1. For the stretch 95-224, take the alpha-carbon Rg, divide it by the Kirkwood Rh, and send me Rg/Rh.
2. Over the Cα atoms of the stretch 78-168, Rg to Rh with Kirkwood Rh, two decimal places?
3. Leaving out ligands, DNA and RNA but keeping every protein chain, what accessible area does Asp81 have, in Å² rounded to the nearest 10, with a 1.4 Å probe?
4. Using a 1.4 Å probe on the protein heavy atoms only, what accessible surface does Asp219 show? Give it in Å² to the nearest 10.
5. Which entries in the list Lys130/Lys171; Lys100/Lys179; Lys16/Lys135; Lys135/Lys167; Lys69/Lys135; Lys16/Lys69 go over 23 Å, if you measure between the two C-alpha atoms of each?
6. Give the angle, between 0 and 90 degrees and rounded to the nearest 10, that separates the Cα long axis of helix 69-81 from the longest principal axis of the Cα atoms of the chain.
7. Per residue, what accessible area does the chain have, given a 1.4 Å probe and all protein chains present, in Å²?
8. Return an integer: the convex hull volume of the alpha-carbon atoms of the stretch 1-126, in Å³ per residue.
Amino acid sequence: LGENALHVLMVNRREKQLLELIDLASATFSRSMLRRLFCAQASGPFFNDPPMIYYGGTVVAYAVAFSMKKPFARILEHIVDNPKMQRLLSLNDSAHHACKLSGFLPLHVCVANGLTEMYDFLLSFDGLPKQAQLKLHHLRADPQALTARGRQCIELCSLSPLQLAVKMGNKRMFQHALKASCAIFWRWGPVTCYELDLSPIDSFNMGGNDVMELVGRLDASDGTKELLTEDFMQGFIREHCKRAPRLLGD
């Protein structure tokens, strides 16, 4: 229920046919038809279970989940060139464009499926023509955007991509999302020093879903608890926890 031809082609990685259909739709469809095509969500019972529920529901999210970078880039190019496509899609609007089942936006889909290359592309649109990048600046994924309240994944509500990586116990994606949020402080040959904003790590009681809260919960998964080991990031999270004894019960 809810899926259309683009979903099916994304799942089967039929890149050539996807490019043809996207071009055809942009050239011939009215705005209302384009909205029906590109804003459709896969939402039937089949999609309630893993791995389907982690694909994000929307056509754009499926392009991300199956690393269909060229078709996704083609959609972005038509948004630039075709007035009927403008303001049709969003990578950050949880209220209208998040998955109805999981609450995921496309950047959360990257985290759930371990897609580091697509994660970086959504943040920068690197590879598109420079002029297109400038015109699409407002559409780039926001690493602070939160998951919506999905019908099937209530426990994953109100999480940023970084926090979702913690909740799912995905150490690789946690490190990647954390590094993507860092600014380079200095470089010396092969050595690089990064400047890290600690607010997503510990919001100092401003919210209940920061990294420190998630790793300290009694119901945290085994994967999430592994972030507290000495071996992970040279004990970075563990050392930070020691400065927040309320979480460890010290």
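1. In the stretch 95-224, Rg relative to Rh is 0.99.
2. Rg/Rh: 1.00.
3. My reading of the accessible area for Asp81 is about 120 Å².
4. Accessible area, nearest 10 Å²: 120 Å².
5. Details: Lys130/Lys171 33 Å; Lys100/Lys179 29 Å; Lys16/Lys135 26 Å; Lys135/Lys167 34 Å; Lys69/Lys135 19 Å; Lys16/Lys69 12 Å.
From the list (Lys130/Lys171; Lys100/Lys179; Lys16/Lys135; Lys135/Lys167; Lys69/Lys135; Lys16/Lys69), the Cα-Cα distance tops 23 Å for Lys130/Lys171; Lys100/Lys179; Lys16/Lys135; Lys135/Lys167.
6. 60
7. 52
8. Convex hull volume per residue, Cα atoms: 96 Å³.
The values are calculated or read from the model by the stated rules, or taken from the named source; none is laboratory data. What you see is a predicted model; the values in this text were computed from it and never measured. When the accessible area is computed, the model is the full protein with side chains, heavy atoms only, and any ligands, DNA or RNA have been set aside. Shrake-Rupley method; radii C 1.70, N 1.55, O 1.52, S 1.80 Å.
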